[in-house]
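Everything below concerns the one structure shown next.
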Amino acid sequence: MSTEQIRELNQMMVGRLRGEQPMPLIAGTYELRVVRTRGRASGEDRPVPLAVVHHDDRRYLVAPDANRDWVANLDARPSCGIEAGGAVEEVEATRLRGRAAAEVAAAYHEAATGPARAAFPFGDGATLDEVEAVVDRMAVFALAGR
């Protein structure tokens, strides 16, 4: 899929998510939300549909491939907004590394299905050590309210 096709798909998903009543976050699962990052060069809002992962009573964003614009935006400016039901919650995103990131990535992988699950750089049944060995190719952010 080309970058332009991905952008078009993201815009379509943002519109759909903004028009739906959001599902609640339940422990051990994830829900799609519109996450607003700030462009690292432009400073403009960049809405993107992302899975907000609920794990161990905390919320996370996980990119199976760290080479995403939203990841670079959060690395440069860790404040972001999460849209749900017409409201925007402002949060701080802290990049996790090592074992902590691997635990969250493994939990998201377990809950994910279809193409989302296939995007991870490890397969079904991977041990936590195997996930940790490739976690630097991913991005995991812990979210905390401001």
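The values are calculated or read from the model by the stated rules, or taken from the named source; none is laboratory data. As the structure is a computational prediction, the values presented were derived from the model and not from experiment. Note that we place each Cβ from the backbone using ideal geometry, even for glycine, and neighbour counts take in every protein chain shown. Remember, those area values only see protein heavy atoms, side chains included, never the ligands or the DNA or RNA. Shrake-Rupley method; radii C 1.70, N 1.55, O 1.52, S 1.80 Å.
Brief remarks on what is shown
- Of the peptides 101-107, 67-73, 31-37, the order by per-residue mean of other Cβ atoms within 10 Å, starting with the highest, comes out as 101-107, 31-37, 67-73.
- Accessible area of the chain belonging to carbon and sulfur atoms, whole % at 1.4 Å probe: 49 percent
- Evaluated over the chain, the Cα radius of gyration and Dmax, each in Å: 14.5, 41
- Over segment 34-129, accessible surface divided per residue gives 49 Å², non-protein components excluded, 1.4 Å probe.
- For the peptides 92-99, 111-118, the ranking by mean Cβ contacts within 10 Å, running from highest to lowest, is 92-99, 111-118.
- Estimated from helices alone, the mean residue ellipticity of the chain at 222 nm is -10000 deg cm²/dmol (sum of -39500 (n - 2.57) over DSSP H runs with n ≥ 4, per residue).
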